[in-house]
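Taking it in order: structure first as structure tokens, then the write-up.
The values are calculated or read from the model by the stated rules, or taken from the named source; none is laboratory data. Predicted, not measured: the structure shown is a model, and the values here were computed from it. When we count neighbours, we look across all protein chains shown, and the Cβ atoms used for this are built from the backbone with ideal geometry, even at glycine.
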Amino acid sequence: MLNGPGLHLRAKRAKAFAVQGPLAKRAAAFAGHWAKTRSLPGLPDCEIEILSAPPEHVGLGTGTQLGLSVGAALHALFEEREQTLAELVASVGRGRRSSIGAFGFAGGGLIGESGKQRDELLGALLEQVSLPEAWRFLLLRPARQTGCCGEAERQAFAKLPPVPEAITHQLQTIFSQAMAPAAKEGDFQTFSTAVYEFGRLAGSCFATAQYGEYATEEIAELVQEVRSAGVPGVGQSSWGPTVFAMFPHEQAAQEFVCKFSADARRQPYELLVVGGCAQGASIRTEAAEQRRPMV
């Protein structure tokens, strides 16, 4: 989980439902799903204002974070009892393929899960590790491009062959024996290399639905270009088109940004340097001016 770009919304009770801001239509759909799980006759009587949100369908998990944020806000407005993470996920219909976004929403950090079975609401959380504060991620996204989503994504998943057990074992080994230990020890080189290897191997499982290990030829070329510049930890985020590159500290990341941006021949990219997020989402009630975990 990263500390940016973030999602921030405000909700309050009202005489009728209304929503405004970026991704308003999608937020309304999540509110509708939440209302159905409560057997309400219609949308809840409240106003939701989305103050900021990352772009959707670019590989940043925006849909899951938006859905869980809407569900958590509505629960805080209308219900007194605490809710579990599984209840929150079910209330907005997320987590169908993976529990990573849900665990990240609840606790932040580097997350490893066992994999989600069809009949499970949530997979099993294997490990949740905070990354060193100094480490940085550079997000590189081609301007005005989006990744596989919606019906195209559903069809892609439907056509994918099962992941071989040998690859599943390799991925688990990379995470448990390299990524997680290196994160705990602050071993940037080992962690970065392991992230790259994990990404390539995971990407190979989607080769029939994309350009080999990556979504497109352009992304594959960009990954190799960044690695050739001496950056070992590079990968594609979800379906892309966002590519991430890891740096040991802010200065190294900014120096790379300057060099990358200086090439006038390059297509326009949106670049953002962020750190890891070591905690989950939080909610603040204006009356108490206090923050507490959403789940």
Taking the conditions exactly as written (farther than 30 Å from Phe188 by Cβ, out of contact with any Phe, Trp or Tyr (no Cβ under 6 Å at 6 or more places or on another chain) and either surrounded by 19 or more Cβ atoms within 10 Å (Cβ to Cβ) or not assigned by TED's automatic domain parsing to the domain that holds Ser282 (or both)), does Thr84 satisfy them or not? no
Residue identified as closer than 30 Å to Leu131 by Cβ, part of a strand (DSSP E or B) and at pLDDT 95 or above among Leu51, Leu66: Leu51
Matching residues in region 118-141 - criterion: being part of a loop (DSSP other than H, G, I, E, B) and of a type in the set (D, E, K, R): Arg118, Asp119, Glu120, Glu133
Given Ala202, Ala183, which one is of a type outside the set (Phe, Trp, Tyr), in a helix (DSSP H, G or I) and under 18 Å from Val274 (Cα atoms)? Ala183
Of the conditions (1) closer than 30 Å to Leu131 by Cα; (2) surrounded by 20 or more Cβ atoms within 10 Å (Cβ to Cβ); (3) in contact with a strand residue (DSSP E or B) (Cβ under 7 Å, 6 or more places away or on another chain); (4) among the small types (Gly, Ala, Ser), Ala27 fails just one. Which one is it? (1)
One residue from Leu160, Leu222 being within 30 Å of Asp263 (Cβ to Cβ), in contact (Cβ under 8 Å) with a residue 40 or more places away in the chain and aliphatic (A, V, I, L, M): Leu222
Taking Leu201, is it without any contact (Cβ under 8 Å) to a residue 60 or more places away in the chain, surrounded by fewer than 17 Cβ atoms within 10 Å (Cβ to Cβ) and within 21 Å of the chain's Cα centre (by Cα)? yes
Condition check for Ala35: part of a helix (DSSP H, G or I) and touching a residue at least 40 places away in the same chain (Cβ under 8 Å): no
